[in-house]
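*Asks:* Got a structure here, written out as structure tokens. Questions coming.
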Amino acid sequence: QDEGYQKTFKNCAELVPTLPRSKGWWLDELFHYQGFWMSSFPIRGSMLISDHFKPRPTDIIVATSPKCGTTWLRALIFSIINRASFDFNDHPLRKLNPQELVLLFEGHIPCRFVYICRDPKDVLVSKWHFSNKLRPKEVPPLSLEEAFDLFCKGVSHYGPFWDHVLGYWKASVESPKKVLFLTYEDVKKEPLGCVRKVAEFLGVPFSPEEENKKTVEEIVKLCSFESLSNLDVNKSVAKRSERPVSNSDFFRKGEVGDWVNHLSPEMVEKMNQITEQKLQGIEFNF
Ligand code: A3P
């Protein structure tokens, strides 16, 4: 197996320098690989998955574009799946960041996907704030104008954002039993209904006893922005050695529509135009 991995590492090391590249959002470089912009690490991840990963039908993949609600969805799905194993007052989510409970994975494989998307205007604003937290102090902050241009050109992690969304949207229409498509805005508006929908999709619907015990309400409360962002583990600003990001960086405002506080009317118009054109008139609830 090791030999197989080494071969993939070698193929990746040879491939990456040949790919079209662009400057990234912090100090990373983005490469254009199979239609999407990524840093070199996830390219290696994708290659490892396609060369070596054998999915089981019971596997569940949480799929998102960054800043669409990955942290929230990881927390919700972990709580739904493991609800019989833990007491909500002494729950792993109270001690570990959702990133540590639902591990990072990239790829396209035939098992169940739960996808979450979000208004691209809010994604851009969230990503811009996040990038500036990640940029080393020695380099000037990324301006909103620059971030806007990169995002609109499709040069963002796993971007073009709209192509990512459209791919999963189409898959959810073609294979509704395999891909569940959610929006951040819907989960904010109807968290209880969305949690029930996810549980049903995953084949673990809530029983009448659980409904009586208000398990759905417990899950929504535990995973809410207010609850998770106020836990000591998520207030931590300590950076991990393998990446320049701290648990607290994944929690900012957790609101719908913060873009009104940042984007000019021209930016809004341009972004809405791209969304309309790229998402081919599909009605999302943003
Ligand atoms: P804002 O920057 O708009 O506040 P991701 O987890 O995909 O990186 O997305 C991060 C965004 O989700 C941030 O948005 C963050 O504040 C928000 N978020 C994190 N946890 C959340 C939760 N439990 N409920 C709602 N939003 C959450």
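The values are calculated or read from the model by the stated rules, or taken from the named source; none is laboratory data. Keep in mind it's a predicted model, so treat the numbers as computed, not measured. Methodologically, a virtual Cβ is constructed for each residue, glycine included, from the backbone with ideal geometry; neighbour enumeration extends over all protein chains shown.
*Asks:* I'd like to know if the range 155-169 contains one or more residues that are closer than 24 Å to Arg94 by Cα and either within 12 Å of the ligand (Cβ to nearest atom) or not assigned by TED's automatic domain parsing to the domain that holds Met38 (or both). Break it down stepwise before answering.
*Replies:* Quick first cut of the range 155-169, residues closer than 24 Å to Arg94 by Cα only: none.
No, the range 155-169 contains no residue that is closer than 24 Å to Arg94 by Cα and either within 12 Å of the ligand (Cβ to nearest atom) or not assigned by TED's automatic domain parsing to the domain that holds Met38 (or both).
*Asks:* Run down Arg74, Arg83, Arg44 and say which single residue is crowded, with 17+ Cβ neighbours inside 10 Å, modelled with pLDDT of 90 or more, in a helix (DSSP H, G or I) and more than 15 Å from the ligand (Cβ to nearest atom). I'd like the intermediate steps shown before the answer.
*Replies:* Working: Arg74 fails: more than 15 Å from the ligand (Cβ to nearest atom); Arg83 fails: in a helix (DSSP H, G or I).
Only one candidate passes the filter, namely Arg44.
*Asks:* From the list Ser22, Ser40, which residue is of a type in the set (S, T, N, Q) and under 19 Å from the mean Cα position of the chain (by Cα)? Can you show your working first?
*Replies:* Details: Ser22 fails: under 19 Å from the mean Cα position of the chain (by Cα).
Residue meeting the stated conditions: Ser40.
*Asks:* Testing Arg240 on (1) surrounded by 14 or more Cβ atoms within 10 Å (Cβ to Cβ); (2) within 16 Å of the ligand (Cβ to nearest atom); (3) modelled with pLDDT under 95, one condition comes back false. Which one is that?
*Replies:* All conditions are met except number (1).
*Asks:* Is there any pair linking a residue in the range 265-286 that is touching a residue at least 12 places away in the same chain (Cβ under 8 Å) to one that is aromatic (Phe, Trp, Tyr) and not in a loop (DSSP other than H, G, I, E, B), with Cβ under 7 Å and at least six apart or on different chains, and which?
*Replies:* Met267/Phe148; Ile274/Trp162; Thr275/Trp162; Lys278/Trp162; Leu279/Trp162; Ile282/Trp169
*Asks:* Quick one: Val102 ticks every box in (1) within 16 Å of the ligand (Cβ to nearest atom); (2) at pLDDT 95 or above except a single one, so which number is it?
*Replies:* Every listed condition holds for Val102 apart from (2).
*Asks:* Taking the range 156-208 as the region of interest, how many residues are under 23 Å from Gln34 (Cα atoms), surrounded by fewer than 20 Cβ atoms within 10 Å (Cβ to Cβ), touching a helix residue (DSSP H, G or I) at 6+ places or on another chain (Cβ under 8 Å) and among the aliphatic types (A, V, I, L, M)?
*Replies:* 1
*Asks:* Taking the range 243-270 on its own, how many of its residues are hydroxyl-bearing (Ser, Thr, Tyr) and within 11 Å of the ligand (Cβ to nearest atom)? Reasoning before the result, please.
*Replies:* Applying the first criterion (hydroxyl-bearing (Ser, Thr, Tyr)) to the range 243-270 yields 246, 248, 264.
Within this subset, residues satisfying the condition of being within 11 Å of the ligand (Cβ to nearest atom) are 248.
Adding up the residues that qualify gives 1.
*Asks:* Where the second residue is assigned to a helix (DSSP H, G or I) and the first is among the polar types (S, T, N, Q) and lies in the range 31-53, which pairs have Cβ atoms under 8 Å and are six or more apart or on separate chains?
*Replies:* From the range 31-53, the pairs are Gln34/Ser46; Ser40/Cys12; Ser40/Val16.
*Asks:* Residues that are among the hydrophobic types (A, V, I, L, M, F, W, C) and in contact with a Lys or Arg (Cβ under 9 Å, 6 or more places away or on another chain): does the range 272-283 have at least one? Lay out the reasoning, then the answer.
*Replies:* First, the residues of the range 272-283 that are among the hydrophobic types (A, V, I, L, M, F, W, C): 274, 279, 282.
From what is left, the residues that are in contact with a Lys or Arg (Cβ under 9 Å, 6 or more places away or on another chain) are none.
Scanning the range 272-283, I find no residue that is among the hydrophobic types (A, V, I, L, M, F, W, C) and in contact with a Lys or Arg (Cβ under 9 Å, 6 or more places away or on another chain), so the answer is no.
*Asks:* For the range 209-286, list the helices (runs of 4 or more DSSP H) that sit wholly inside it and hold at least 1 residues that are under 25 Å from His164 (Cβ atoms); which are they?
*Replies:* On the way: elements: 215-223, 225-229, 232-235, 265-278.
In the range 209-286, the matching helices (runs of 4 or more DSSP H) lie at 215-223, 225-229, 265-278.
*Asks:* For the range 119-154, which residues satisfy the criterion of being more than 16 Å from the ligand (Cβ to nearest atom) and of a type in the set (Gly, Ala, Ser)?
*Replies:* Those that are more than 16 Å from the ligand (Cβ to nearest atom) and of a type in the set (Gly, Ala, Ser): Ser143, Gly154.
*Asks:* A further question follows. Looking only at residues in the range 47-71 that are within 16 Å of the ligand (Cβ to nearest atom) and in a helix (DSSP H, G or I), which one is surrounded by the most Cβ atoms within 10 Å (Cβ to Cβ)? Walk me through it before giving the result.
*Replies:* So in the range 47-71, the residues within 16 Å of the ligand (Cβ to nearest atom) come out as 61-71.
Remaining after also requiring in a helix (DSSP H, G or I): 70-71.
Values: Thr70: 19, Thr71: 24.
The qualifying residue surrounded by the most Cβ atoms within 10 Å (Cβ to Cβ) is Thr71.
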